[in-house]
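Before any comments, here is the structure.
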Amino acid sequence: EEGTEAPAEPRPAAGTPPPEVQQEEEDEDEDFQFLRCEGCGQDSAQPRLLSCLHTLCPGCLSDTKQCPLCQAAAGAPAMDNLLFSNLRSRLQVWRQIRSSGGPGCSRCKGEAALVWCSDCEEFFCAKCFEEHQWWHKKKAHRIRKVEELRAGSARQFLEDTKTSCSLFCSSESHPEESRVCSIYCPRCERALCCPCALLDTGHSPFRDLRAESRRRQDELRSLRRDLRRLHGAFEAALARLRSEAARREEQRERLRECVRTSAERLEQLVRREAEELRALLEARPERDRSALTEELRGAEGALLRLEAAERLVERLGRYGGEQELMDMQPFV
Ligand SMILES: [Zn+2]
Ligand SMILES: [Zn+2]
Ligand SMILES: [Zn+2]
Ligand SMILES: [Zn+2]
Ligand SMILES: [Zn+2]
Ligand SMILES: [Zn+2]
């Protein structure tokens with residue numbers, strides 16, 4: 001599908017929009033990578049537009065319950081992304097224009113093309129162009145020289161060819177004749193040819209198709225402004241949410257740190273207490289032992305004193321005179 005001009009670029013990773021989508025519209029070098037499936041990055045002839053406005057190829061659309069990119073639940077059924085599929089085919093025309101050999105005539109297939117007719121959507125060589133002019137002399141087809149187109153940009157070409165397709169009336173009243181629409185019926189929400197609009201009074205009041213188209217363009221412009229504003233507001237809200245989340249995380253981290261330090265302090269306290277208790281426990285028998293020794297020593301002393309008293313009393317009784325008895329007996 002790639003023309004020779006298309007650079008062999010790596011495909012964008014699934015889920016990430018190609019950077020071109022974020023670029024400003026003013027960018028002339030847009031390479032239309034956004035036409036690729038936003039899921040797998042593959043070129044697709046039938047891009048489908050989801051209700052979340054993501055565009056996916058039919059292969060990536062297997063999960064009909066939600067969008068694989070933004071996880072939005074599928075609302076309305078997906079529709080053909082006509083804009084992308086038409087752009088894609090016009091881009092292929094552009095690649096033919098820019099191809100090294102240049103495009104060939106769409107009619108005779110032999111000669112190199114000289115002009116491009118936007119209305120026929122065909123290339124013509126000089127000879128076939130003469131015939132084209134003879135056949136369509138009453139209708140003014142928009143003709144561009146291939147040489148001029150080649151010198152321009154892809155963007156310019158696509159913008160110039162965007163109005164080339166005329167809407168044809170889809171009414172059943174004239175099945176074999178295709179008539180170009182010029183009327184818009186707001187009630188049926190579709191375009192009609194002039195006779196259809198005039199013959200059926202049910203369509204009035206109708207509008208001019210051009211005016212309706214302009215109205216929709218205006219609506220798109222104001223929608224774009226609204227979206228930009230909304231985007232800004234949403235980004236600000238998201239930033240606030242993120243900083244709030246970061247703040248809470250920081251708070252939680254602080255709390256965790258606090259718990260950790262107090263747990264450590266408590267642990268140290270308990271350990272110290274335990275050591276003191278253990279020291280106390282080890283000190284206790286020592287004290288008991290010394291008390292016993294003291295008691296023992298006391299008892300031994302008492303025994304010695306008793307013996308001494310016995311001896312003294314016996315000797316006092318045996319050897320003591322009146323003088324000694326009178327002086328010492330109360331003391332003993
Ligand atoms: Zn895909
Ligand atoms: Zn989506
Ligand atoms: Zn030809
Ligand atoms: Zn033509
Ligand atoms: Zn009609
Ligand atoms: Zn109507």
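The values are calculated or read from the model by the stated rules, or taken from the named source; none is laboratory data. Note that this is a predicted model, so its numbers are computed, not measured. Cβ sites come from the backbone with ideal geometry, for glycine too, and all protein chains shown count toward neighbours. Note: accessible area is taken over every heavy atom of the protein model, side chains too, but ligands, DNA and RNA are not part of it. Shrake-Rupley method; radii C 1.70, N 1.55, O 1.52, S 1.80 Å.
Here are a few things to note about the model shown:
- Applying the criteria of a DSSP loop state and at most 13 other Cβ atoms within 10 Å to the trypsin sites (Lys or Arg not before Pro) of the range 112-159 yields LYS137, LYS138, LYS139, ARG142.
- In percent, rounded to a whole number, the relative contact order of the range 174-235 is 26, using alpha-carbon pairs under 8 Å and six or more apart.
- Probing with 1.4 Å while keeping every protein chain in the model, the per residue accessible area of the chain equals 75 Å².
- For the chain, the number of Lys pairs separated by eight or more positions or lying on different chains, with C-alpha atoms closer than 24 Å, is 12.
- Shown is the FRET efficiency for MET326 and LEU306, computed with R0 = 30 Å from the Cβ-Cβ distance and rounded to the nearest 0.05: 0.75.
- Cleavage-rule hits, GluC sites (Glu not before Pro), the range 123-229, DSSP coil, Cβ neighbours within 10 Å at most 10: GLU172, GLU176, GLU177, GLU189
- Spin-label pair ALA283-SER51: with each label point 7 Å from Cα along the Cα-Cβ axis, the two points sit 8.1 nm from one another.
- Full-extension gain in nm, ARG207 to LEU220, via 0.36 nm per residue minus C-alpha separation: 2.8 nm
- Computed [θ] at 222 nm, deg cm²/dmol, the chain (DSSP H ≥ 4; -39,500 (n - 2.57); rounded to nearest 500): -17500 deg cm²/dmol
- Portion, in percent, of the accessible area of the chain that falls on carbon or sulfur, probe 1.4 Å: 55
- Of the whole protein surface, ASP119 contributes about 60 Å² of accessible area at a 1.4 Å probe radius.
- This model, with +1 at the C-beta of Lys and Arg and -1 at the C-beta of Asp and Glu, gives the chain a dipole about its Cα centre of some 1780 debye.
- Under the simplified labelling scheme, the SER173-ARG144 pair shows an inter-label distance of 3.7 nm, with each label point 7 Å from Cα along Cα→Cβ.
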